[in-house]
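Computed from the coordinates by the stated procedures, all read-outs in this text should not be read as laboratory data. Predicted model only: the values in this text are computed from it and were never measured. Quick reminder, even Gly has a Cβ in these numbers, built from the backbone with ideal geometry, and neighbours come from all protein chains shown.
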Amino acid sequence: MIEKLPSDYIFSSIPDGPQTVQGVYDGLSIIASNGTTDTDLTFTDRLGRKIHMPAYTTRRSVKPLAADGYCKAVWDFKNGDMLLGEDGTTLYVRDVDRSGANKRLDSWHAISSLENEYRVAGRETYSPWNDQLRVECQKKRERVRHGVKFTDRAFLRFNGQICSITADSPYFSEPFEVTFDRAFDTDLVGQAVSFLRDVTVDDKSAKNLCRLFATPLLEPYKHLTYVLYGDGGNGKGILLNTLASSLPGLTASVDSQKILGGRRGSGGFDTQQEMGKLIGALWAFDEDADTISLEQLTALKKISTGDSVTARRIQENAVSFAPKCTFVVATNNPVVTTMTNAIARRFVYVRMKDGRKASEFEPLLTFRKDYGIAPFLMASCLLWENEGDEPEYDVSIGSVADLSEAEQWLVDEICENEYAVSARNPYPETAREHKNSISKLGLKTSRKRVDALLMRVLIVADERRFAPYRAAWEADTKKLEEEAKPVAVPAPLDAVGRTIEPDSLGFECDYVPARANKVADNWKKLAESATHDTSSIPDSKAYAVVPKTGYIIIDCDTAKTEGEMDGWESLQWSIGPYGSDSFPETYLVRTPSGGVHAYYKLPDDIKEHVLNKVQAGGQHIDLRVGGRGYVIGAGSETNGGVYQLCDLPDGERVPEITLSMIRWLNDAGCIEDTGKTAPTVMAAAAPTVSATKPAGLARHLARGGRQGGSAGGPQIDMSPIPKGQRNQQLHDWLYGRMLNHPDNIKQITDQYYERGKLSGLGQAELDATYKSVSKTLGYQS
């Protein structure tokens, strides 16, 4: 209990001290409840009492002996509501009850100056009042302890260590910066920890969030700033507002853009006004902060370390003070910092768990209503005591959702090649944006020989920062690889046999008898005969299907030797998995040996130009086209076994082959060169391909047949390149071809852009790579 000072208390004489201080002290008095109403000589104290100020008379008026702000300060000093902190320098004032109950609170806050705390107008300011009251507070035995106290236990720092003390300690009776009228409860601590784990993605983030609450009271020196990252709906607003509602005088809600000087950290009046909110606060937070850039880092460092800053309120003088608050940035935007060790150790990151339903937070809201912030402060104090001063520094909050196109390009390049050549970035950035990107991604400049030239490149300097982007890239690549993997041949359709004929699904064909050895005698003569009926399946154990002009059967055979890729698998690696947009479901027949027959319609503008082919593209794939070949039909019984129908088209008719399939046919040399302009379907824009070959497929294909080109001719690989290899592989592919075939630049250029678009790259990226290669080889000045 802090005793009030005696009425005959004598103030010390100090140089330049306020000459009226003793008169003010002696003349302040409580007005009886039936006394005078409010005048210029009265004020209301923190207990709701009317206080009369001593005055002096001039010719024209009666004025207070000192500005009313200084009178209020002396009254608080007199009644035990002003003390020094443990440092013997900082003035603390008891918090004011703003509920209207006019209670005397047990919590205290540091003040920057009497003028700011008590609203002394600029023309009435006399700064030695601060020195005078600091000298008087030195005489008091009590000090405001830097810590937090519950009714039976308190936490504070002694000799560099966090200690908990109980009522038998001589320090326990002294005032603490934060005091709760609630006993320390381990059950409540357990519940609070469970809530913190529930709203964060991992245990390290939960620990950092728990550490936040007691940081301004227990950290060894002022340096920590917290970043709570998440898209929303994750509970961070609930926790921060619980802090604000439980300790309103010690918590400030701020606009980080204003307080950090705008996007470029330039400061100004708005910054000074916003900075004023930090005076006396132990926690300051922006619940929905905008992007924080390197330019704003200087202001953020000052707040983090408690360096002197300037605040100003409208119509008041500027005041310099040292912030004591722990700054909390809650955001779904990037927070860009430098990569120095000093900066790295000042920022503590918390990754919140996103995508929660409002109903999931009902238990937390109930807990907050019943207990406020106290259980979370209990848990935080216990964490500081048991686990020391070091937060979890290896929490990453980077998100691919934050990346600009230029930054995503850098991530792709580094993940593909372990470096990126900034000069080739097709997405322009300003120098300021580029600097932010490098810090944000954790990169640094290095030098590397690229295309025989020594070039400046970017590489990873801080793997912790880059880790979330690498992980997202690898997950995306893995997903694409999984989506691109060939699927197994569908299981046979039960009890179907030959009851569903291909021509019932729009596939125009002729049916001719076949022997058990799969030979169809005179099949061509029968199919072309005007007198022989080939419109229905013959009454024989086996029969052959001869596609008419405009229709194709892709015959995928099994591999002949171990280690080779069969036709069904290699076709999917070439065009995409069966069932995708590139390789649509159709009338599908499984052969007794494990091969597959896929039935399709040909587009009108190429139906006369697709070749009947064996080992198309060097793979185990044969083509049966337009009356020039046949396959054994579904339901046929041969010496090798039964041909089984295993799939039907997703519609009433067999589908037309896709553009991806046409490109594969063309690359495999299966579309004859007529010397005429390419068919319109071949000149169409590159489609969105839902499947790509994964890394390492080139080696796999080399064992089971090469891709592209015609038998005996050069093999030009036009297959889509998977994400993770696109830029570098296309660059090397273009460089090698242009270097070795300078007489064929136009065709190489066309094929480069075609393959690049098929791989999913944008025009800007393709242009940048093309210009780089052309310049290196001397084709551009």
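Things to note:
- Out-of-range pairs (alpha-carbon distance over 25 Å; input K524/K613; K560/K601; K50/K324; K149/K353; K236/K440): K560/K601; K50/K324; K149/K353
- Ratio of Rg to Rh over the stretch 94-193 (Cα coordinates, Kirkwood Rh, two decimals): 1.06
- Sequence ranges 356-365, 399-408, ranked by mean other-Cβ count within 10 angstrom, highest first: 399-408, 356-365
- Cβ-placed point charges (K, R +1; D, E -1), dipole of the stretch 731-781 about Cα centre in debye, nearest 20: 60
- Net charge over other residues, Cβ less than 15 angstrom from the Cβ of K775 (K, R count +1; D, E count -1): 0
- Of all lysines in the structure, those lying under 20 Å Cα to Cα from K478, and not within fewer than 8 positions of it along the same chain, are K693, K723.
- Label selected from (i) 133, 65, 50; (ii) 90, 73, 49; (iii) 130, 89, 57, the criterion being Cα extents along the principal axes in Å as computed here: (i)
- Ranking A616, I14, G669 by Cα position along the charge dipole of the chain, where only Lys, Arg, Asp and Glu carry charges on their C-beta atoms, puts I14 farthest toward the positive end.
- Neighbourhood charge, 15 Å Cβ-Cβ cut-off, centred on V457 and excluding it, Lys, Arg +1 and Asp, Glu -1: +1
- Net charge, H532 excluded, C-beta distance under 11 Å - Lys, Arg +1, Asp, Glu -1: -2
- Entry note, the chain: relative contact order of 8 percent, from Cα contacts under 8 Å with a spacing of 6+ residues.
- Angle of helix 362-371 to the longest C-alpha principal axis of the chain, folded into 0 to 90 degrees and rounded to 10: 10°.
- Alpha carbon centroid spacing (whole Å) that separates the stretch 78-95 from the stretch 284-360: 27
- Computed packing ranks the peptides 565-574, 456-465 as 565-574, 456-465, most packed first, by mean other Cβ atoms within 10 Å.
- Principal-axis tilt of helix 745-758 within the chain, Cα atoms, nearest 10 degrees: 60
- Each of the peptides 112-125, 51-64 was scored by the mean count of other Cβ atoms within 10 Å over its residues; in descending order, highest first, they stand as 112-125, 51-64.
- Restraint check, K258/K435; K746/K775; K222/K444, Cα-Cα greater than 18 Å: K258/K435; K222/K444
- Measuring how big the stretch 546-678 is from its alpha-carbon positions, Rg and Dmax come out at 14.3, 47 Å.
- Cα centroid separation - the stretch 471-491 against the stretch 140-189, whole Å: 58
- Sorted from greatest to least, the principal axis extents spanned by the alpha carbons of the stretch 271-310 come out as 26, 21, 18 Å.
- Ratio of the Cα radius of gyration of the stretch 197-251 to 2.2 N^0.38 Å, where N counts its residues: 1.19
- In the chain, helices alone account for a calculated mean residue ellipticity at 222 nm of -9000 deg cm²/dmol, with every DSSP H run of four or more residues adding -39,500 (n - 2.57).
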